[in-house]
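The values are calculated or read from the model by the stated rules, or taken from the named source; none is laboratory data. Here the structure is a predicted model, which is why all the values come from computation and not from measurement. As a convention, Cβ positions derive from the backbone with ideal geometry for all residues, glycine included, and neighbour counts pool all protein chains shown. Keep in mind that these areas ignore ligands, DNA and RNA; they rest on the heavy atoms of the full protein, side chains included. Shrake-Rupley method; radii C 1.70, N 1.55, O 1.52, S 1.80 Å.
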Amino acid sequence: MSKEKKMKLSLPTEELVGSGNLACQGCGATLAMRYFLKALGPKTVLCIPACCWSVIDGPYPYSCLGVPVHHSAFETAASTATGVKAGLQMTGDNETTVVAWGGDGGTFDIGLQALSGAAERNDDIIYVCYDNEAYMNTGIQRSSATPLGAWTTTTPVKFFKDQPKKDIDAIMAAHRIPYQATASISYPEDVYKKAKKAKDVKGTRFLHIYAPCPTGWKSRPEDTIKLGRMVVQNCIFPLFEVEHGEKYTLTMKPANKKPIDDYLKLQGRFRHLKPETIKVMQEAVDHEWTRLLKLCENR
Amino acid sequence: MKKVIMGNHALSYGAMLARSQVIAAYPITPQTQVVELLSEMCADGTLDAKFIKVESEHSAMAACIGASAAGARAFTATSAQGLALMHEMLHWAAGERVPVVMGNVNRAMAPGWTIWADQNDSLSQRDTGWMQYYCASNQEVVDTVLQAFKVSEALSIPSMVILDAFALSHTYEVVDIPEAAKVDAYLPPFRPLYKLTPSDPRAFGGLTSPEHYMELRYKLQKDMEKAPALIEATGREFEKIFGRYLGLVDPYLCEDAEIILVTSGTAGYTARVAVDAMRAAGTKVGNLRIKVFRPFPFEAVRKYTAAAKKIAVVDRNISYGHHGIFSQELKSAVYGHADGKPVFGFIAGLGGRDITPASFKEVVDYAIAHEQPEAEIVWIGAKI
Ligand SMILES: Cc1ncc(C[n+]2csc(CCOP(=O)(O)OP(=O)(O)O)c2C)c(N)n1
Ligand SMILES: [Mg+2]
């Protein structure tokens with residue numbers, strides 16, 4: 001008699017992101033939502049500011065999401081979520097988790113003031129930034145999350161972005177919020193684990209989820225998962241947690257740190273780069289990585 | 001219970017008696033006492049509400065919208081620059097049909113920096129889809145907050161309760177504070193038809209194509225059109241319980257008046273002092289104070305100006321390149337109904353310059369002396 005082997009499922013099968021949504025092929029942001037909601041479950045309210053997700057959800061009167069959604073103004077994800085939480089509590093619902101779900105533009109740029117306000121007050125919300133490193137909804141314009149060297153429609157190849165990506169995680173750590181983490185859609189169990197952990201913490205929680213965008217990055221949809229893995233293994237986007245702004249923990253240490261070249265090659269947005277620029281970029285990645293390792297050791 | 005309170009505290013009492021559940025506000029002169037008293041009330045348990053001390057007015061309105069969408073009664077207060085900063089969210093609140101109520105202290109817009117009264121801040125928000133009530137006494141402020149919640153929640157349209165900087169916001173008057181139990185009978189708890197709840201997951205405000213958008217706006221206008229009758233009905237209901245009627249307009253000696261002075265806000269009470277004096281001197285003049293600006297009380301305005309020979313509108317505001325804003329509105333209300341009756345447009349009191357009984361005397365003298373206005377705008381009290 002042969003022993004029956006069953007694959008053990010590492011994520012719940014329940015889906016709160018339905019089919020028929022309006023995402024592009026290979027959309028990382030959609031996977032981010034899918035894994036995140038598996039952890040959060042149906043007792044969740046989402047506040048979604050202007051971003052790709054305000055389209056992905058589907059047009060009025062439809063929604064692809066199995067939880068209530070409040071579409072909110074671009075810079076108000078955090079402040080709206082704070083209001084929703086207060087409103088729910090005052091009407092007797094203390095259980096539902098209220099989530100602000102914004103893109104990098106809505107988080108690093110226009111919504112930063114509201115996010116900082118909520119974090120300083122330690123409002124009881126989870127703020128998720130899915131990071132596709134540009135304003136994709138409006139057609140690929142640079143944001144302060146766009147990495148150095150990248151092409152966007154407002155940083156054309158002749159004048160590619162020559163400032164590094166804003167360090168939003170350090171900004172959030174400076175608010176001493178109880179829990180924050182980075183995650184990548186290519187590590188679903190890790191996204192799930194961190195979302196679960198965030199759910200059980202009170203106060204402002206911040207998740208920064210790396211979400212490749214084939215349309216904006218000029219990459220192949222089938223490379224989305226690969227890119228999300230490479231970016232962790234070459235330490236451009238390390239996976240870590242911070243508790244109370246001080247306790248840094250690396251949640252994934254690459255066995256051997258890869259150079260950034262192969263990752264860049266898969267994306268049209270970096271095609272114009274000369275070796276000297278790539279060298280500068282590699283040095284910056286190494287520098288930031290060493291800095292992070294120190295923070296994790298000094299905790 | 002009678003109390004001597006300032007106009008700003010009248011707003012706080014109104015919000016408290018309405019049992020506001022979420023308050024999100026940011027300080028700005030001359031509104032600050034509204035939120036100071038409310039934070040005390042929340043702290044000492046007089047009011048069971050969450051007070052969110054946001055980092056801007058934009059966030060204040062966003063938080064009120066979120067709270068209201070979650071089914072809570074939400075209140076805020078602001079003025080001038082703060083109201084302008086909220087502009088995007090004012091459209092949002094009305095478009096989402098959340099019945100937020102906001103106090104706004106009328107303050108002129110900078111630059112130059114100013115904290116004194118005029119109406120350009122709130123009138124610039126005319127087309128956002130909010131109802132607007134212009135108050136003339138502290139009693140009216142308290143009462144109107146309660147009525148505003150009632151009307152807003154019935155129609156799912158937000159309301160602004162407006163008072164002049166200093167002339168009302170910092171003026172102490174005797175106010176009969178409505179009894180809590182009676183207020184509860186007048187204004188039952190907020191029970192929205194739809195709200196953000198996991199037991200009935202819905203998307204609010206999603207991408208709306210040309211196939212649907214227009215009907216949503218049509219419905220907003222249709223509900224706005226129901227507001228005048230509802231304001232009068234809830235005003236009468238209020239009168240039955242509290243003995244004070246809250247209407248769309250407040251006429252004074254209009255029946256036999258040859259000249260009607262049209263005013264809004266505290267200038268209305270100043271106008272009455274002037275009217276009394278001019279009547280004593282034999283001039284047949286009356287005052288129509290416009291309380292509700294949105295929805296515009298077309299019928300009431302036509303009714304009270306019908307018998308007069310001339311209409312003189314005094315505006316504490318201006319639409320640059322056009323007229324005073326109430327004067328525009330008056331003209332549009334009487335167009336086709338007034339048989340060529342002239343509407344004189346006066347502008348006075350910008351940036352807190354005093355509007356005195358003498359100002360109204362000047363207005364009426366001008367209207368008597370001219371068959372028709374000589375200019376689109378006649379300036380009163382300007383050093384020109
Ligand atoms: C106040 C305001 N300014 C500009 C816009 C236009 N806008 C909508 S989405 C968007 C970019 C969103 O970028 P991001 O937050 O990174 O999300 P993504 O589209 O990449 O998912 C912009 C600029 C807006 N809706 N509101
Ligand atoms: Mg983006």
From B:G45, B:G66, residue being within 9 Å of chain A (Cβ to nearest Cβ) and of a type in the set (G, A, S): B:G66
When only residues in region A:35-66 that are free of Cβ contacts under 8 Å to residues at least 40 places away in the same chain and in a helix (DSSP H, G or I) count, which is nearest to ligand 2 (Cβ to nearest atom)? A:I56
If a residue counts only when it is buried (at least 23 other Cβ atoms within 10 Å of the Cβ) and not assigned by TED's automatic domain parsing to the domain that holds B:A375, which helices (runs of 4 or more DSSP H) contained entirely in region B:253-365 have at least 3 such residues? none
Only one of A:T146, A:T91 is at pLDDT 95 or above and either within 12 Å of ligand 1 (Cβ to nearest atom) or in contact with a Ser or Thr (Cβ under 7 Å, 6 or more places away or on another chain) (or both); which? A:T146
Leading residue by the ranking (nearest to A:I185 (Cα to Cα)) among those in region A:125-160 that are more than 16 Å from ligand 2 (Cβ to nearest atom) and over 19 Å from the mean Cα position of the chain (by Cα): A:G149
Scan A:G83, A:G87, A:G26, A:G58 and give me the residue that is within 11 Å of another protein chain (Cβ to nearest Cβ), surrounded by fewer than 24 Cβ atoms within 10 Å (Cβ to Cβ) and among the small types (G, A, S). A:G58
Step by step: first the residues of region A:90-122, then only those that are facing chain B (nearest Cβ under 8 Å) and not small (G, A, S), then the one that is surrounded by the most Cβ atoms within 10 Å (Cβ to Cβ). Which residue is that? A:T96
Of the residues that make up region A:179-197, is at least one within 26 Å of A:Q233 (Cα to Cα) and within 13 Å of ligand 1 (Cβ to nearest atom)? no
Do any strands (runs of 3 or more DSSP E) entirely within region B:63-180 hold 2 or more residues that are open to solvent by less than 10 Å² (accessible area, probe 1.4 Å) and of a type in the set (A, V, I, L, M, F, W, C), and if so, which? B:74-79, B:101-106, B:159-164
Looking at A:Y135, A:Y130, can you tell me which residue is at pLDDT 95 or above, open to solvent by 10 Å² or more (accessible area, probe 1.4 Å) and within 8 Å of ligand 1 (Cβ to nearest atom)? A:Y135
Would you confirm, using the coordinates I've provided, whether A:L65 is touching a Leu at 6+ places or on another chain (Cβ under 8 Å), open to solvent by 10 Å² or more (accessible area, probe 1.4 Å), facing another protein chain (nearest Cβ under 9 Å) and among the hydrophobic types (A, V, I, L, M, F, W, C)? yes
